[in-house]
Structures are given as structure tokens and as C-alpha cells.
Amino acid sequence: MKNASLLEIQGLRVRVEDKEILHGVDLTVGKDETHVLMGPNGTGKSTLGYAITGNPAYEITGGQILFEGEDITALPVNERAHKGIFLSFQNPLEVPGVTLSAFIRSALEQRTGSRLRLWDFKKKLKETMALLHMDESYAERDLNVGFSGGEKKKAEILQMLMLEPKLAILDETDSGLDVDAVRIVSEGVRLFRERTHGSLLIITHSTRILEALHVDAAHVMEEGVIVKNGGADLVDEINENGFQVLQSESEESGENGNG
Amino acid sequence: MADTKEKSYVEDIDRSVYDIRDEEHDAYRMQEGLTPAIVDQLSKEKNDPVWMQQFRLQSLQIYNEMPLPDWGPSIEGLDIDHIATYVRPNTKMQNDWKNVPQDIKDTFERLGIPKAERKSLAGVGAQYDSELVYHNVRDEVAAEGVVYTDMESALKGEYADMVHKYFMKLVTPHDHKFAALHGAVWSGGSFVYVPKGVHLSIPLQSYFRLNAKGAGQFEHTLIIVDEGASLHFIEGCSAPKYNVANLHAGCVELFVKKNAHLRYSTIENWSKNMYNLNTKRALVEEGGTIEWVSGSFGSHVGCLYPMSILKGDNSRMEFTGVTFAGAGQNLDTGAKVVHAGKNTSSYMNTRSISKSGGISTFRSSVVVEKNASGAKSSVSCQSLMLDSESRSDTIPAMDIRTKDASIGHEAKIGSISDDAVFYLMSRGMSEEDARALIVSGFADNVSKELPLEYAVEMNNLIRLEMKGSIG
């Protein structure tokens with residue numbers, strides 16, 4: 001980490017319904033940085049995202065989460081959002097009764113605590129939707145209701161660009177998208193970095209979404225712990241060799257440790 | 001549209017407007033209970049024509065002979081011997097708002113009634129306790145021959161014969177005990193006649209307010225939409241809360257003539273000491289359409305099952321409803337349809353919400369008579385239970401006597417998804433707001449069908465009900 005710390009996770013243990021998923025995770029993300037969290041399916045990457053965001057179904061049994069130096073481990077979800085933490089959901093939920101546009105506007109107003117000028121808001125929304133190649137009509141449709149998988153993911157990135165969080169966690173935002181959609185989403189993510197200098201924690205097990213981005217650090221998670229930290233070269237390494245190589249490496253280091 | 005919707009759940013609401021009780025300055029309050037002498041007295045007070053006087057006494061006799069229904073929620077807390085059936089406000093009916101007494105005017109102003117008229121209504125009626133205190137219709141609407149008046153005037157004026165011909169012919173006093181009671185003591189309500197081919201582009205509205213403690217309201221609404229005409233009629237109801245039972249046993253009779261179209265919308269927010277035992281029915285002729293939009297939020301006990309008789313060929317009905325039963329409420333709602341003509345269709349789409357021990361029951365009844373070939377019917381009912389102490393039941397009944405009917409029925413019961421609450425909160429929304437938003441969204445089948453002001457009011461009511469529902 002080259003910059004001042006934004007998110008600092010120390011010894012985090014997380015349990016879901018009596019089963020411990022994270023067994024002591026340490027992770028630090030600095031301001032204005034892009035981090036990648038990789039690892040095979042079912043190792044606890046999404047759990048970490050939920051724990052940072054504050055999902056009450058994920059019980060923290062040990063360790064702590066600091067955000068801008070403040071302990072937020074016990075803070076409710078919405079208050080973490082107010083502090084600037086954002087999660088792009090892997091499976092965004094459908095919520096009838098509120099339009100995408102009204103939802104974003106209300107979220108922005110909650111965040112800033114003041115009313116927005118409708119004209120300014122509409123203008124920015126329209127521009128941002130154009131960047132993401134989203135049809136304008138989606139703004140007045142009920143939140144995610146009947147959206148395709150790709151449109152749901154774009155709507156998440158749209159929310160990120162409009163809300164301008166200090167830390168955005170992208171949970172498998174690229175999964176299930178076709179090549180064109182990944183490129184558009186990836187461009188949106190790049191713009192987020194360029195414009196707001198907010199930090200990113202990108203959870204992925206492919207690397208397609210990273211192509212337009214400069215990666216500052218990469219972390220590999222396996223079975224609920226971070227097994228390796230590195231730079232952008234770690235992403236390339238995994239890209240070429242998969243996680244298999246790492247697994248044997250970590251086993252070796254484990255043996256060394258024992259010996 | 002979206003912005004106003006959003007406003008409706010961000011803004012605070014004030015429950016107190018519904019709860020303010022006015023001091024009673026009644027000109028006349030009938031003694032409590034029900035005897036031929038009291039009914040006779042009521043008839044005299046109202047200057048009924050002779051036939052109506054007899055009709056009331058016959059209805060009373062039917063009432064006395066008829067047993068209480070042996071199904072539905074308990075109405076044990078209702079003692080008709082202690083209900084004042086007639087309370088006349090201290091004013092004559094006015095058609096100029098300025099002349100309505102100040103306290104009554106204040107009540108309606110708080111509820112936004114005359115303001116709504118200025119903005120978006122073709123005509124307004126306001127009933128306070130047993131009598132209409134205000135009735136007005138826009139000149140251009142009256143010029144098209146549309147009649148919108150209180151039932152008392154209709155009974156004696158130019159349309160006396162029409163009223164005599166239709167009054168309680170669709171819902172007769174023999175229908176059930178409370179229909180008989182209504183026949184005996186009805187007072188107030190509106191009469192609407194839309195002549196052939198006249199289309200009202202903006203709605204008419206009647207607002208019913210029951211202020212008097214321990215009283216009953218028995219208004220009668222009679223609407224005739226003549227051939228090829230169309231109308232949207234809205235009724236709103238509210239009352240302050242008292243610790244004794246109040247009774248509402250209104251009756252609505254709707255006649256939809258050939259190729260006519262009627263939409264009848266209701267937002268009911270009676271206080272939670274009210275027994276709302278209301279009867280509504282529509283008779284639809286060839287090619288005609290009845291659309292019911294119904295939001296039931298108030299009352300201690302409610303029984304409401306608007307019925308549509310699709311008499312003419314190619315006639316159709318749609319029923320869109322939402323019922324919200326909170327603590328201490330037992331709301332038994334639903335809809336009935338009889339397919340009698342050929343190629344008729346019915347569509348019911350309802351949502352019920354129960355919370356804090358509230359009981360919500362949805363009953364549907366679909367009858368297809370043996371000559372009603374080509375009938376189509378679809379019933380969809382979704383329920384949302386907000387906690388484990390609440391209750392929700394769906395009771396469908398079908399009686400199909402043709403071979404070619406197309407009938408669908410779907411019922412779903414669920415609870416608020418924790419994932420959805422988490423999703424909304426992750427964007428900064430409080431838990432209370434997130435839950436209120438999900439519940440409003442669940443009920444948006446109805447709010448989408450209402451004029452904007454009413455949709456906002458409905459969302460406010462939902463938000464009000466959801467307040468303090470966490471923990």
C-alpha cells in the first residue's frame with residue numbers, strides 16, 4: 001500500500017448460521033487504489049464483501065474493520081453507506097414500487113443530507129446512462145424489475161458512478177456478461193477511478209474486467225484466509241497458471257512453516 | 001411521476017389529521033337503538049316520500065327476522081342497541097364551500113377535500129355523519145347533463161322516479177342482515193347519473209366522515225352510467241378513533257349500461273374502532289366494463305366483497321385491491337363475480353399485508369352460469385406477512401357450469417426478504433424506510449391505478465402503518 005489507509009481489516013472472523021467462513025482475514029486498501037481479490041469459488045470472497053458492507057446475516061466473531069481510521073465493525077449497513085462504502089451486488093434484487101431514478105436520487109439525498117436540484121440530477125443521470133450504453137427508459141422503470149442480467153450489472157455501476165463512494169466493492173460484476181457488456185462496465189469502472197479517485201476492491205475470478213484498469217494490489221483468498229498478496233503481476237500469473245500453482249505454493253510454505 | 005412517488009416515502013406524515021375529533025354540535029341525534037318508532041321518526045326527520053317510509057319499515061322487519069351471518073370475523077363487539085343510527089350535522093347542505101360551518105370545514109380542509117376539487121375533480125360531495133354537508137359539480141360537467149347530487153335531493157327531485165326504480169333493487173334488504181339494516185336506516189350518500197355517450201375525463205369524488213361517537217353511517221351510493229358513457233368515481237372514508245364501536249354499513253349500487261365504463265375507487269381509512277360492513281355491487285350490461293380499485297387500511301373489523309354481475313355479453317370486470325391489517329384489525333375482504341352473459345371476462349389482482357397480529361383474509365368467488373359460454377376468469381392473490389404473529393388466509397370459491405370456461409387462480413404468501421432490506425440499506429436507506437418501500441412496492445398494483453394524489457396518500461398510509469414496526 002502506497003497511500004494512506006482507507007480500509008483496514010484485522011483478523012476478521014465471520015460466521016454464517018453457525019459455520020465460520022472467514023478465519024482471520026487481514027487486508028488493507030489505501031486511498032485512491034485499485035485492489036483485486038481473487039480465488040476459487042466458495043472461498044469466502046463475497047462473504048468478505050458482505051462483512052465490509054455490514055450484512056447482518058454475516059456475524060463477525062473476531063477482528064475488526066476500520067474505515068478511515070474509525071472502527072465500523074458494529075455499524076449498521078446504512079451508516080456504512082453514508083460513510084462512503086458501496087457494494088455492487090452479484091445478484092441485484094428486484095424492488096417494485098420505486099424507479100431506478102427515484103432510488104438513486106433518494107440515496108444521494110440521504111448521503112448528502114440535502115435536496116438535489118431535479119434538473120442537475122436528471123442531467124447527470126442521463127449522461128452517466130449514456131456512458132454505460134443504458135437505454136434512458138430504464139431510469140423510469142422499477143428498480144431491477146425485469147432487467148436482464150447485464151442491465152442489472154450496469155444499473156449497479158450506474159449507482160456507483162452517481163453515488164461516488166469512497167470505497168466500491170465489486171462482487172463478480174463481470175460474471176455472466178458478454179464481451180461487449182464487460183467492456184462497457186469496465187470502462188465505467190475506469191471512469192469512476194479517474195473522476196472520483198475512489199478506491200476499488202474488485203472480487204473476480206476472471207480478469208476481463210481488469211483490462212482497462214491499473215491494478216495497485218492483488219490478493220488471493222482460499223478457504224477463508226488470504227494466502228497471497230502481490231501486485232498486478234500476481235493477476236497475470238493467475239491468469240496464466242490458475243490457482244493450482246498457488247495452492248501447491250501455499251502447501252509448500254505450510255510445510256516449511258511446520259518444519 | 002417518479003419524483004412524486006419518491007416524495008411520498010421521504011416525507012413525514014402526520015397521522016393526527018385523521019384523528020382530530022370535533023366537538024359534537026349536532027342539530028339532531030337520534031336516540032340509540034332500533035325500533036319501528038325510531039325508524040319512523042328517522043323517516044319523518046328526513047321527509048321521506050311515502051314509499052321510502054314503508055320501505056324502511058319493511059327492511060327493519062327483515063332485519064329483525066334475519067340471523068347474523070354464520071361466517072367471517074366476529075362482530076360481537078358491535079351492539080346495535082347502542083349505535084345512534086342518525087346524527088344530523090348542524091347545517092343544511094351547501095353548494096358553496098364558504099357556507100359550510102367552520103368546524104366541519106376545518107375537518108375537510110385538513111383532509112384536503114376542497115383543495116382536491118380545485119385541482120383535479122369534476123365534482124365533490126362531502127358527508128359528515130349522516131348527511132351531506134356539501135355537494136358541488138363543475139358547471140361544464142353539469143352542462144353535459146351529468147347529475148351528481150345527494151340521495152335525499154335525488155329522492156324528491158327531478159330524478160325521483162329513477163331513484164325509485166333502482167334503489168336497493170340490486171342489493172335488496174333480503175341480501176343479508178346488514179343490507180336490511182341499511183334499508184331501514186340509510187341516510188346520505190350520492191346519486192350519479194351519466195347520460196348516454198358522455199365521457200367524464202376527470203373523476204367525481206365523495207368523501208365520508210363519521211365524527212359522532214358511537215354512531216353509525218349508512219350512506220347509499222347509486223350510480224347509473226348510461227349507454228356508451230364513462231365515469232371514474234372515487235370515495236374516501238375516515239373517522240377519528242373512539243373507545244366505543246362505530247358502525248359503517250353503507251351500500252353501493254352501480255348500474256353499467258351497454259358499452260359503458262365505470263371505475264370505482266375507494267381508499268378506506270376508518271378508525272380502528274369501526275365495524276365496516278359494507279355492500280357494493282355492480283350490474284354490467286352488454287359490452288360494459290366495471291373496474292374496482294380498492295384500498296382497505298382502517299377499521300377494527302371489515303367485511304367487504306364488491307360483487308360484479310356480468311349480465312350482458314362481452315361485459316368485463318377488473319378488481320384491483322390492497323388490504324393492510326395491523327394490530328387489532330381483522331379485515332375480511334375480497335371480490336365476487338357472476339358470469340351470466342357470453343364471452344365475459346373477470347380479472348382480480350389483490351395484495352394483502354398483515355402485521356403486528358393483524359388478520360387479513362381474502363375471499364374470492366367466481367360463478368360461471370350455464371349459459372355463460374366463453375367465460376374467462378383470472379384470480380391472483382399475494383399476501384405479505386410482516387411478522388410471525390400476523391395471519392393471512394386465502395379462501396377461493398369457484399362454481400363453474402360451462403365446459404369452455406378458462407379459469408385461473410394463483411395465490412402466493414411470503415414475507416419481506418432480508419436480502420432486499422440489506423440491498424436497500426446498502427445504499428443508505430434506514431431499515432424502516434427500506435421495509436416501508438418494499439411494502440409500498442408490494443401494493444403498487446393498486447397505487448398505479450389511483451390518481452396521483454391518492455397514490456401518494458396511500459403510500460403515506462402504508463408508511464404510517466410501518467412506523468415503529470422494527471424491533
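In chain B, helical runs assigned H by DSSP with n ≥ 4 each contribute -39500 (n - 2.57); averaged across all residues and rounded to the nearest 500, the mean residue ellipticity at 222 nm is -7000 deg cm²/dmol.
Ranking B:G414, B:M466, B:T394 by Cα position along the charge dipole of segment B:391-469, where only Lys, Arg, Asp and Glu carry charges on their C-beta atoms, puts B:T394 farthest toward the positive end. Starting from the Cα of B:R401, move 7 Å in the Cα-to-Cβ direction to define the label point; list residues of segment B:313-338 whose amide nitrogen is under 13 Å from there. Counting only backbone N, you get B:338. Helix-only arithmetic for chain A: the sum of -39500 (n - 2.57) across DSSP H runs with n ≥ 4, divided by the residue total, places the mean residue ellipticity at 222 nm at -13000 deg cm²/dmol. In this label model, B:E76 and A:S148 are separated by 6.0 nm, measuring between points 7 Å along each Cα→Cβ vector. Centre-to-centre, using Cα atoms only, segment B:36-106 and segment B:122-163 are separated by 19 Å.
Rounded to the nearest 20, the size of the Cβ-charge dipole of segment B:20-304 about its Cα centre is 380 debye, with Lys and Arg at +1 and Asp and Glu at -1. Exposure here means at most 11 other Cβ atoms within 10 Å; with GluC sites (Glu not before Pro) in a DSSP loop as sites, the longest stretch of chain A lacking them is A:18-210. Here the protein assembly as shown is treated with +1 on each Lys and Arg Cβ and -1 on each Asp and Glu Cβ, and its dipole about the Cα centre works out to around 2300 debye.
Taking the fewest neighbouring Cβ atoms within 10 Å as the starting point, the ordered list for B:V194, B:V87, A:V227 is A:V227, B:V87, B:V194. With 0.36 nm allotted per residue and the present C-alpha distance subtracted, the A:N41-A:D178 stretch has 47.3 nm of extension available. On full extension, the segment bounded by A:H23 and A:W119 gains 29.7 nm, given 0.36 nm per residue less the C-alpha separation. In terms of other Cβ atoms within 10 Å, B:D418, B:D40 run from fewest to most in the order B:D418, B:D40. Shown here for segment A:96-172: trypsin sites (Lys or Arg not before Pro) in loop regions (DSSP other than H, G, I, E, B) with at most 11 other Cβ atoms within 10 Å, namely A:R115, A:R117.
Just checking the listed ones, A:A74, A:A139, A:A51: in the Gaussian network model of chain A with Cα springs under 10 Å, the one fluctuating most is A:A74. Listed by Cβ neighbour count within 10 Å, with the fewest neighbours leading, B:Y305, B:Y86, B:Y423 appear as B:Y305, B:Y423, B:Y86. Since only A:G198, A:V227, A:A51 are under comparison, the one whose Cα sits farthest along the positive direction of the charge dipole of segment A:5-258, derived from C-beta charges on Lys, Arg, Asp and Glu, is A:G198.
Along the charge dipole of the protein assembly as shown, Cβ charges K/R +1 and D/E -1, which of A:L100, B:S187, B:L262 sits furthest on the positive end? Value computed over the given set: B:S187. Using the Stokes-Einstein relation with a Kirkwood hydrodynamic radius computed over Cα pairs, the translational diffusion coefficient of chain A at 10 °C and a viscosity of 1.306 mPa s comes to 84 µm²/s.
I want to verify the translational diffusion coefficient of the protein assembly as shown in µm²/s; compute it with Stokes-Einstein, Rh as the Kirkwood radius over Cα pairs, at 20 °C and 1.002 mPa s. For these conditions, the coefficient is 74 µm²/s. Once the chain from A:E140 to A:Q64 is taken as fully extended at 0.36 nm per residue, the excess over their C-alpha distance is 23.4 nm.
Normalised by the number of residues in chain A, the average gap of Cα pairs under 8 Å and 6 or more apart makes the relative contact order 25 percent. Projected label points at B:S430 and B:R391, each 7 Å from Cα along the beta carbon direction, are separated by 3.3 nanometres.
Each value in this text was obtained by applying a stated rule to the coordinates, not by laboratory testing. This is a predicted model, so every value here is computed, not measured. No Cβ is skipped: glycine too gets one built from the backbone with ideal geometry, and neighbour counts run over all protein chains shown.
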